[in-house]
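Peer 1: Could you have a look at this structure, given as structure tokens, before my questions?
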Amino acid sequence: MNQAAIRSVIDPGMTQSAPNLSDASTRERLTPSAVDGMVRLTEIWRLTGPEVCALLGDVSERTWFRMKKGEWSGTLSQDTLTRISALVGIFKGLRLLFSEPLSDEWVRLPNKGPLYGGRRPLDTMIEGGIPKMLEVRRHIDALRGGL
């Protein structure tokens with residue numbers, strides 16, 4: 001049993017802290033799940049290769065192709081893991097907020113809200129990087145009543 005699990009048994013009120021993404025071993029441990037999650041999210045949101053690479057930041061199309069095929073054995077950067085975490089949070093929030101297919105189409109639909117200015121949330125996140133991804137995530141959480 002790992003230390004966090006032991007502490008949570010001892011103190012059930014303890015909340016788990018976010019993983020330390022600056023730690024290389026943590027990034028190495030989280031990378032396979034993050035890649036698998038991103039591959040699945042790409043399918044659900046019907047993202048193109050260039051869209052995925054732009055969302056991930058420092059991942060080339062060639063590397064993304066190898067990741068999808070399971071032929072990549074690298075470790076994701078702190079930046080890329082943060083991006084994937086934000087995107088998965090957005091996906092989860094959308095699934096809680098809307099039924100399918102709207103939850104899966106939402107990122108591709110023009111949005112008149114002030115954060116998007118008539119553009120697709122996907123384009124807003126691509127152009128704005130992590131700060132916009134986190135704003136979109138907060139927006140979805142607020143719509144759900146989480147803020």
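The values are calculated or read from the model by the stated rules, or taken from the named source; none is laboratory data. As the structure is a computational prediction, the values presented were derived from the model and not from experiment. Using ideal geometry, Cβ is built from the backbone for each residue, glycine included, and neighbour counts are taken over all protein chains shown. Just the protein is used for accessible areas: all its heavy atoms, side chains included, with ligands, DNA and RNA removed. Shrake-Rupley method; radii C 1.70, N 1.55, O 1.52, S 1.80 Å.
Peer 1: Tally time: how many residues in the stretch 27-69 are among the polar types (S, T, N, Q) and either within 24 Å of W106 (Cα to Cα) or within 17 Å of the chain's Cα centre (by Cα) (or both)? Steps first, answer last, please.
Peer 2: Step one: of the stretch 27-69, the residues among the polar types (S, T, N, Q) are 31, 33, 42, 48, 60, 63.
With the extra rule that they be either within 24 Å of W106 (Cα to Cα) or within 17 Å of the chain's Cα centre (by Cα) (or both), the set shrinks to 31, 33, 42, 48.
The qualifying residues number 4.
Peer 1: Sort out which residues of the stretch 113-129 are in a helix (DSSP H, G or I) and either of a type in the set (K, R) or in contact with a Lys or Arg (Cβ under 9 Å, 6 or more places away or on another chain) (or both), and write them in order of number.
Peer 2: Here is the first cut: in the stretch 113-129, the ones in a helix (DSSP H, G or I) are 121-129.
Within the stretch 113-129, P121, L122, T124, M125, I126, E127, G129 qualify.
Peer 1: Give all pairs with beta carbons closer than 6 Å in which a residue from the stretch 75-94 that is free of Cβ contacts under 8 Å to residues at least 60 places away in the same chain and within 15 Å of T31 (Cα to Cα) meets a residue that is of a type in the set (S, T, Y) and surrounded by fewer than 22 Cβ atoms within 10 Å (Cβ to Cβ); count only pairs at least 6 apart in sequence or on separate chains.
Peer 2: Filtered contacts from the stretch 75-94: T75/T31; L76/T31; Q78/S22.
Peer 1: Another one. Kindly establish whether G145 is on the phi > 0 side of the Ramachandran plot and surrounded by fewer than 20 Cβ atoms within 10 Å (Cβ to Cβ).
Peer 2: Taking the combined requirement at face value, the residue satisfies it.
Peer 1: So, restricting to helices (runs of 4 or more DSSP H) that lie completely within the stretch 18-109, which ones have at least 2 residues that are of a type in the set (S, T, N, Q) and open to solvent by 60 Å² or more (accessible area, probe 1.4 Å)?
Peer 2: 24-45, 78-97
Peer 1: Name every residue in the stretch 58-80 that is within 18 Å of G128 (Cβ to Cβ) and at pLDDT 95 or above, in order of residue number.
Peer 2: Looking only at the stretch 58-80, we keep the residues that are within 18 Å of G128 (Cβ to Cβ), and these are 58-59, 79-80.
The answer is D79, T80.
Peer 1: Scan (1) small (G, A, S); (2) farther than 26 Å from S25 by Cα; (3) in contact with a helix residue (DSSP H, G or I) (Cβ under 6 Å, 6 or more places away or on another chain) for the single condition S99 breaks and write down its number.
Peer 2: Here S99 clears every test but (3).
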